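Data first, discussion second: the structure below is written as structure tokens.
The values are calculated or read from the model by the stated rules, or taken from the named source; none is laboratory data. Treat the numbers as computed from the prediction; the structure is a model and nothing was measured. Every residue, glycine as well, gets a Cβ built from its backbone with ideal geometry; the counts of neighbours run over all protein chains shown.
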């Protein structure tokens, strides 16, 4: 929207903007924000930045914890969810270091930019395009409680099959029959259309939106391919728009991987393409599924490091309740064309050279998108540098439904971690590909693992309602 401080000041005047909101990202990938009166925004704001305490954002700061946030004016946009007219800007965190500030190496946005630079320096490619798919639930009511006498949760959706005797109009979606279902069953169409319109106003082109499989209110919004670092910013904004628009319609939105027991989980599949000098790196008419040798090596890197990647791409205990057989979620370390049971899927519909690509299917939206996309790129580049052949390593291609293999054949396959604790073990043992070129600082990885282990320990101590069903009367 703007490139200079003067552009912003002109915009503030033209649009009668009252506040400027600086959105900062914590280690978990959640927005925090600091707001100043628009009258206080000037050229010095770009130099002096906005001060904040980085230790409160989850970062293990080696230096003094006081940081400054420097806005990136290209991200400036009017926030549609503020009643007082507000300009929203994201940017980068810097260490206060006179005479010049320097980037906080743990800040997620700085890491994704460093990963892009590492890719360019490698000579393998000069641009990575990605397309994340956003699956989410829209529910009418959600409640939970965690206390000594009551550990419970409940979720309700008016169109869900369990409301067939209550809803009163017969507008009920049968179990797991929501995929692409039309009105009157698609009750949240207008809500999602408004989400898409707000995303496009924010400069995020959208391909489509549609109902997903779960009859309990699951949907998907898919953007167009975009440059990795810009798509990381867009991911934060897409999640922000989904949640805030849902509330306008009296709904609650969640991108949690498995919010409803027995229903399909929500993933964030990530499609990827490498470009060099404007030409696709992954395309080859003579390769398997029309993919180049470099593409196969990139896949090899992803599959080699998939265990440790899961700690970053699936960083919640709930993530691993989705990664189970039976719900089109990937559970097998492997690759194939048009096969949703493998971690890497090559879409058969991407036929032109500029669109030939593959997707990694295990990520979900509880991840920090900056860390997630940067880690995916670093794992793939490691595969290219070391010429890791996925076929030679026994990772496919698997052009069969892996869920339906005989048990003796399934036993030969390598699976994803089944718990966050296991994924963290993998990350602890395998992260040199992330620290290559100084992209991921070692202290960030150690801190991330420690924070997530603490999370796992906290949750492991809480009695689960299902345990009462299993053990109360033993």
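Observations on the structure shown:
- Number of positions in region 14-45 that are assigned to a helix (DSSP H, G or I) and either in contact with a helix residue (DSSP H, G or I) (Cβ under 9 Å, 6 or more places away or on another chain) or buried (at least 19 other Cβ atoms within 10 Å of the Cβ) (or both): 5
- Qualifying residue in region 465-472 (condition: without any contact (Cβ under 8 Å) to a residue 60 or more places away in the chain, assigned by TED's automatic domain parsing to the domain that holds residue 332 and within 20 Å of the chain's Cα centre (by Cα)): no
- Residue in region 442-463 that is in contact (Cβ under 8 Å) with a residue 40 or more places away in the chain and in contact with a strand residue (DSSP E or B) (Cβ under 8 Å, 6 or more places away or on another chain) present: yes
- Residue ID - modelled with the lowest pLDDT, chosen from residues in region 385-395 that are surrounded by fewer than 24 Cβ atoms within 10 Å (Cβ to Cβ) and touching a strand residue (DSSP E or B) at 6+ places or on another chain (Cβ under 9 Å): 394
- The one condition in (1) under 28 Å from residue 356 (Cβ atoms); (2) in contact with a strand residue (DSSP E or B) (Cβ under 7 Å, 6 or more places away or on another chain) that residue 157 fails to fulfil: (1)
- Taken over region 306-319, the residue count meeting the criterion of being more than 15 Å from the chain's Cα centre (by Cα) and either within 26 Å of residue 176 (Cα to Cα) or surrounded by fewer than 24 Cβ atoms within 10 Å (Cβ to Cβ) (or both) is 2.
- Residue 198 being closer than 20 Å to residue 78 by Cα, touching a residue at least 40 places away in the same chain (Cβ under 8 Å) and assigned by TED's automatic domain parsing to the domain that holds residue 257: yes
- Of all residues in region 288-299 being in contact with a strand residue (DSSP E or B) (Cβ under 9 Å, 6 or more places away or on another chain) and assigned to a helix (DSSP H, G or I), the one that is nearest to residue 262 (Cα to Cα): 299
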